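**Q** This structure is in structure tokens; I'll ask about it shortly.
The values are calculated or read from the model by the stated rules, or taken from the named source; none is laboratory data. Note that this is a predicted model, so its numbers are computed, not measured. Note that each Cβ is placed from the backbone with ideal geometry, even for glycine, and that neighbours are counted across all protein chains shown. Remember, those area values only see protein heavy atoms, side chains included, never the ligands or the DNA or RNA. Shrake-Rupley method; radii C 1.70, N 1.55, O 1.52, S 1.80 Å.
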Amino acid sequence: IYPRTVWMRNRLQKYFPDLWEYIYAAAVIRAVYDCRFRRLQLHYEDSILSYLYPGLSFTPNSVTEFLNTLGRMRGAIRSYMQEMVSEHERFLLFDGHRLLSASHTVDNAECGYDSKMRYKPQINLLYMFTLSGNVGYPVYYKQYLGSTLDVSAFSDLIKESAAYAENCTVIADKGFASDDDFSLLEECGLNYVIPLKRGNRFVKGHVPASPFGYEEAFNFNGRGIHSLTIPGEGMNTHLFLDTDLLAQEIADVTKRTEKKNISTEIKKGREIKRRSQGKGRLTDEELKALEPITIKEAYKGKEEMGTITLKTNRTDLNAFQIYSIYKQRQAIEQFFKTYGDTMSYEASYMRNNYTEEAWLFLNHLSSIIGINTIEEIATIGESKNISYKDLTQTLVKIKAGKMDGKWVVYPVKRSVQKLCEKIQFNPKELNELGL
């Protein structure tokens with residue numbers, strides 16, 4: 001992590017000259033060891049950070065003072081992130097992510113339902129991501145009241161981040177796609193690429209009966225995609241057929257139909273047997289209704305199987321470009337999965353607005369470290385074999401000590417050595433840190 005975060009240290013030193021060592025050490029510890037602040041001191045003393053940055057204190061009183069001080073520096077936090085924004089040209093805005101709060105003294109925490117239908121106090125965390133290749137990288141965040149509408153927050157976030165609205169594109173989920181939402185996006189001058197539910201009025205009567213009825217076809221990450229563009233007033237609706245998804249859904253319909261037909265036959269056979277014994281339970285109409293479902297009936301109303309519909313006001317982009325932008329959502333969802341599940345930043349126990357702000361900024365830094373690590377694991381093709389937790393829990397077992405005035409890395413277990421070999425890391429590289 002240390003040699004891979006030079007840029008982070010330099011930027012922190014620029015905007016937090018008196019606090020950057022505390023911020024960096026806390027971000028790394030929370031990314032590698034544990035997210036709980038009460039354990040910072042223990043992990044700090046047991047890590048190389050205590051040698052690189054000696055004299056830091058993470059006792060409970062020191063942590064409280066540190067968080068309150070950092071939380072009051074929203075201006076510096078904003079400048080830190082604005083510099084990241086200035087380094088890129090295109091951005092994605094993602095629909096708000098709700099974080100639970102156990103505090104009654106944090107102003108932005110309001111009771112409401114989140115995506116998991118938990119009615120608890122929560123804040124609305126909105127993030128801006130870069131748009132580059134297949135990677136969605138987090139560059140800017142801001143917290144809002146739990147009741148704040150995402151569309152209203154989008155405009156505010158763009159203004160504060162100093163990004164140009166024309167360079168930003170909103171990607172939301174299907175629950176966002178109401179006429180009022182689209183109208184508000186247009187009024188705010190925001191670009192958008194938003195999926196629509198199947199059966200929507202924009203594609204009704206336009207769905208081809210077969211893949212041959214689509215206008216274009218392209219390959220996306222090894223999947224065959226067919227596309228059809230339906231022009232509208234100031235916007236386009238793109239209908240995509242994913243042939244892999246179509247095959248999966250056909251298999252699913254076939255499996256469920258077969259299962260239901262078997263169940264129907266068993267039920268019908270039992271009733272006939274009961275009737276032969278004078279113990280029938282079903283009426284003649286109910287028995288007559290116990291007929292197998294035909295293929296035609298099974299696929300009735302499922303003309304849009306395997307399809308994805310995207311509505312956008314980016315009429316300057318073709319179908320492939322729109323599809324590629326939308327697929328960035330998967331990388332962004334991975335970020336929030338890492339943020340909430342892997343890093344355990346889903347719920348806050350901060351007691352005031354300042355510590356809440358500090359908590360969010362440290363989460364931001366730690367999650368970037370986590371995302372970069374996950375991407376490196378994916379780059380070497382080990383995503384299925386090595387998780388982020390596997391990596392951190394294994395690498396912390398690498399220890400070093402001083403012998404004759406020099407630092408020496410202790411021998412590691414074979415299992416640790418194997419993991420190091422997979423990620424192409426040599427523990428002896430620790431000497432490059434100036435030990």
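**Q** Go through segment 360-395 and give me each residue that's β-branched (Val, Ile, Thr) and either part of a helix (DSSP H, G or I) or surrounded by 16 or more Cβ atoms within 10 Å (Cβ to Cβ) (or both).
**A** Answer for segment 360-395, where residues must be β-branched (Val, Ile, Thr) and either part of a helix (DSSP H, G or I) or surrounded by 16 or more Cβ atoms within 10 Å (Cβ to Cβ) (or both): 368, 369, 371, 373, 374, 377, 379, 386, 392, 394.
**Q** Can you tell me which residues in segment 396-435 are assigned to a helix (DSSP H, G or I) and modelled with pLDDT under 75?
**A** Residues satisfying the conditions are 427, 428, 429, 430, 431, 432, 433.
**Q** Within segment 307-347, which residues are among the small types (Gly, Ala, Ser) and crowded, with 21+ Cβ neighbours inside 10 Å?
**A** Let us first name the residues in segment 307-347 that are among the small types (Gly, Ala, Ser), namely 319, 324, 331, 340, 344, 347.
Correct list: 319 only.
**Q** Out of the residues in segment 3-38 that are more than 22 Å from residue 345 (Cα to Cα) and either within 23 Å of the chain's Cα centre (by Cα) or modelled with pLDDT under 90 (or both), which is most open to solvent (accessible area, probe 1.4 Å)?
**A** 4
**Q** Here is a further query. Can you pull out the strands (runs of 3 or more DSSP E) entirely within segment 207-248 that have at least 2 residues that are surrounded by fewer than 16 Cβ atoms within 10 Å (Cβ to Cβ) and within 26 Å of the chain's Cα centre (by Cα)?
**A** Correct list: 216-220, 223-231.
**Q** Residue by residue through segment 282-326, note down the ones that are of a type in the set (Lys, Arg) and touching a strand residue (DSSP E or B) at 6+ places or on another chain (Cβ under 7 Å).
**A** 311, 314
**Q** When residues of segment 400-416 are filtered for being surrounded by 13 or more Cβ atoms within 10 Å (Cβ to Cβ) and within 34 Å of the chain's Cα centre (by Cα), how many remain? Quick ask: steps written out before the conclusion?
**A** Initial filter on segment 400-416 (surrounded by 13 or more Cβ atoms within 10 Å (Cβ to Cβ)): 400, 407-409, 412, 416.
Still in the running and within 34 Å of the chain's Cα centre (by Cα): 416.
Residues meeting the conditions: 1.
**Q** State all residues of segment 377-394 that are under 20 Å from residue 28 (Cβ atoms) and either of a type in the set (Gly, Ala, Ser) or without any contact (Cβ under 8 Å) to a residue 60 or more places away in the chain (or both); if no residue qualifies, say none. Walk me through it before giving the result.
**A** As a first pass, look at segment 377-394 and keep what is under 20 Å from residue 28 (Cβ atoms): 377, 386-394.
Once the filter is applied, which keeps residues that are under 20 Å from residue 28 (Cβ atoms) and either of a type in the set (Gly, Ala, Ser) or without any contact (Cβ under 8 Å) to a residue 60 or more places away in the chain (or both), segment 377-394 yields 377, 386, 387, 388, 389, 390, 391, 393, 394.
**Q** Can you name every residue in segment 259-301 that is in contact with a Leu (Cβ under 9 Å, 6 or more places away or on another chain), open to solvent by less than 100 Å² (accessible area, probe 1.4 Å) and assigned to a helix (DSSP H, G or I)?
**A** 264, 265, 268, 271, 272, 274, 275
**Q** Starting from segment 204-221, keep only residues that are without any contact (Cβ under 8 Å) to a residue 12 or more places away in the chain, then list their pairs with residues that are surrounded by 13 or more Cβ atoms within 10 Å (Cβ to Cβ) and β-branched (Val, Ile, Thr) whose Cβ atoms are within a distance under 7 Å, requiring at least 6 positions of separation or different chains.
**A** Matching pairs, first to second residue: 217/225.
**Q** Whether any residue in segment 313-329 is among the charged types (D, E, K, R), assigned to a helix (DSSP H, G or I) and touching a Leu at 6+ places or on another chain (Cβ under 9 Å) is what I want to check. So that I can check it myself, show each step before the final result.
**A** In the first step, residues of segment 313-329 are kept if they are among the charged types (D, E, K, R); the result is 314, 316, 327, 329.
Now restrict to residues that are assigned to a helix (DSSP H, G or I): 329.
Still in the list and also touching a Leu at 6+ places or on another chain (Cβ under 9 Å): 329.
Yes; the residues of segment 313-329 include at least one that is among the charged types (D, E, K, R), assigned to a helix (DSSP H, G or I) and touching a Leu at 6+ places or on another chain (Cβ under 9 Å).
**Q** Further question on the same structure: Quick check, is residue 351 of a type in the set (Lys, Arg), in contact (Cβ under 8 Å) with a residue 60 or more places away in the chain, open to solvent by 10 Å² or more (accessible area, probe 1.4 Å) and closer than 30 Å to residue 65 by Cα?
**A** Criteria met by residue 351.
**Q** So, in segment 39-87, exactly how many residues are open to solvent by less than 70 Å² (accessible area, probe 1.4 Å), of a type outside the set (Gly, Ala, Ser) and assigned to a loop (DSSP other than H, G, I, E, B)?
**A** Total meeting the criteria: 6.
**Q** Right, something else. Just checking: which of the strands (runs of 3 or more DSSP E) contained wholly in segment 109-189 hold 2 or more residues that are modelled with pLDDT of 80 or more and not aliphatic (A, V, I, L, M)? Even if it seems obvious, please write down each step before you answer.
**A** Details: elements: 110-113, 119-132, 135-144, 168-171.
Because the criterion is at least 2 residues that are modelled with pLDDT of 80 or more and not aliphatic (A, V, I, L, M), the strands (runs of 3 or more DSSP E) in segment 109-189 that meet it are 119-132, 135-144, 168-171.
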